[in-house]
1. Could you check Leu261 against (1) under 14 Å from Leu238 (Cβ atoms); (2) open to solvent by 10 Å² or more (accessible area, probe 1.4 Å) and say which number it fails?
2. Condition check: more than 24 Å from the chain's Cα centre (by Cα) and touching a residue at least 12 places away in the same chain (Cβ under 8 Å). Does Ala75 satisfy that?
3. I'd like to check something: does segment 390-401 contain any residue that is in contact with a Leu (Cβ under 6 Å, 6 or more places away or on another chain), among the aliphatic types (A, V, I, L, M) and closer than 23 Å to Leu291 by Cα?
4. Where the second residue is charged (D, E, K, R) and surrounded by 13 or more Cβ atoms within 10 Å (Cβ to Cβ) and the first is touching a residue at least 12 places away in the same chain (Cβ under 8 Å) and lies in segment 80-105, which pairs have Cβ atoms under 6 Å and are six or more apart or on separate chains?
5. Pick out the one residue from Thr365, Thr433 that is of a type in the set (Ser, Thr, Tyr) and surrounded by 15 or more Cβ atoms within 10 Å (Cβ to Cβ).
6. Please determine whether any residue of segment 301-310 is of a type in the set (Asp, Glu), out of contact with any Lys or Arg (no Cβ under 7 Å at 6 or more places or on another chain) and in contact (Cβ under 8 Å) with a residue 60 or more places away in the chain.
7. For residues in segment 418-430 being open to solvent by 80 Å² or more (accessible area, probe 1.4 Å) and charged (D, E, K, R), which is nearest to Met374 (Cα to Cα)?
8. Suppose we filter segment 356-397 for residues that are assigned to a strand (DSSP E or B) and of a type in the set (Gly, Ala, Ser); how many remain?
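The values are calculated or read from the model by the stated rules, or taken from the named source; none is laboratory data. Remember, it's a predicted structure, so these values are computed and weren't measured experimentally. Here the Cβ positions follow ideal geometry from the backbone for every residue, glycine too, while neighbour counts run over all protein chains shown. For accessibility, only protein heavy atoms count, side chains too; no ligands or nucleic acids. Shrake-Rupley method; radii C 1.70, N 1.55, O 1.52, S 1.80 Å.
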Amino acid sequence: MALLIGEAKEPPGRRQATRQRLDKAQSPIKALSPVQAPPAPPPNLVVLAQRPERFPVGPLSRAFRRRYFSEIELAQWNDWRWQARSRIRALAELERIFVLSPDERDAVTRHQGSLPLGITPYYASLMAREDAMEPLRRTHIPIGTEYLKMPGEADDPLGEDGHTAAPGLVHRYPDRVLFLATGFCSTYCRYCTRSRMVGDPNGEYSFSRPQWEEALDYIAAHPEIRDVLISGGDPLTLSDERLDYLLGRLRAIKHVEFVRLGTKVPVVLPMRVTRSLVRVLKKHHPLWMSLHFAHPAELTPEVTEACTRLADAGIPLGSQTVLLKDINDSVDTLKGLFHGLLMRRVRPYYLYQCDPISGSSHFRTSINKGLEIMQGLRGHTTGYAVPTYVVDAPGGGGKIPLLPDYVVGREGDELILKNFEGETYRYTDPDGTVGADRTPPASAL
């Protein structure tokens, strides 16, 4: 089926962007110098018109726009700022599009505070209208279990607040910091690790220019910090100017070698990846990006275009996927996702055990299920399609990798191993002790 190509506006300038911020905008973080008008060209110089922004429109979003946003022109649909301003945020907007279950309707009505309802029209176009169990819909429309706090759950299970070294800056690992640049996301995943702080600009957590400066001063004063992960919220919801300013300040700190951006925007708001944004990002290499994918249904023509632009800009792309019960917790589903990501030049990086945030029990699988999936991937597909399965330890212990156990035991100098097919093999390891605490079964001897 042919794709439609629509022209989208480039992001507005700094002052215009400030006026067009979303309804509950946070304190603006402006660049240090005003925008200067370009000099007039010499009289004999022929000036070529700037090539307009163009972006593909897949069949799902095309049909959705015609049905639910028929008054919106294609160029406006492909304008990322319009998508962000037009997020589905209220019960009436939801019910105009979705046939809600009583549980969904009640959960939306009850909500207060952080982690509000928020779905871009583009991302809503990928969801089922009537099936409340459809995977993408389940990740974004609340249900009643969200209000039940089960044993082991906490509002801040990873202990980020306890490792905050400066406002918005988490220093948990020796050489790395997490820089929380904004509390705004274009969509709000119901299993969000930072559900306590996102989407509530009037809440306890604030994100502002003074906060950025304190965090930058801390990084500059600690030469052991070589790696900065910018997250939030979602840093790609910042204007090009603000993002350029932040990346430039970090790049000016000589001991910062490695800068990463953690974002779901290319998945839920792919038209945000404009040529203007790509030009900004290319200025600040080496720059890496972690994209948050959940399901193969997200691999649309729009997402393919966004990933292509980022990869063509020389930005290494990795995916971080949360293992979610009855959403992506099968070998076939994750293999389809990971193969699709590799085809889009995105390397599957982490498979996360769902963090025990308050109200997330309906999303969490057992560790056994995660190891079963890893065993179904390792050896059954290319190693590039096999991420590292990790538990982010509660209380700030950091990421702990988990692997299926392939060590059967030891007999003298020989380590007995099991491969992906369950066959046993002997590896000569005269100085080793691994497996010495296990008695191999008779079938392995």
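1. (2)
2. In short, yes.
3. no
4. Taking only residues 6 or more apart or on different chains, the pairs are Trp80/Arg272; Phe98/Arg129.
5. The conditions single out Thr365.
6. Checked against the condition, which is being of a type in the set (Asp, Glu), out of contact with any Lys or Arg (no Cβ under 7 Å at 6 or more places or on another chain) and in contact (Cβ under 8 Å) with a residue 60 or more places away in the chain, segment 301-310 yields at least one hit.
7. Ranking the qualifying residues of segment 418-430, first place goes to Glu421.
8. The qualifying residues number 1.
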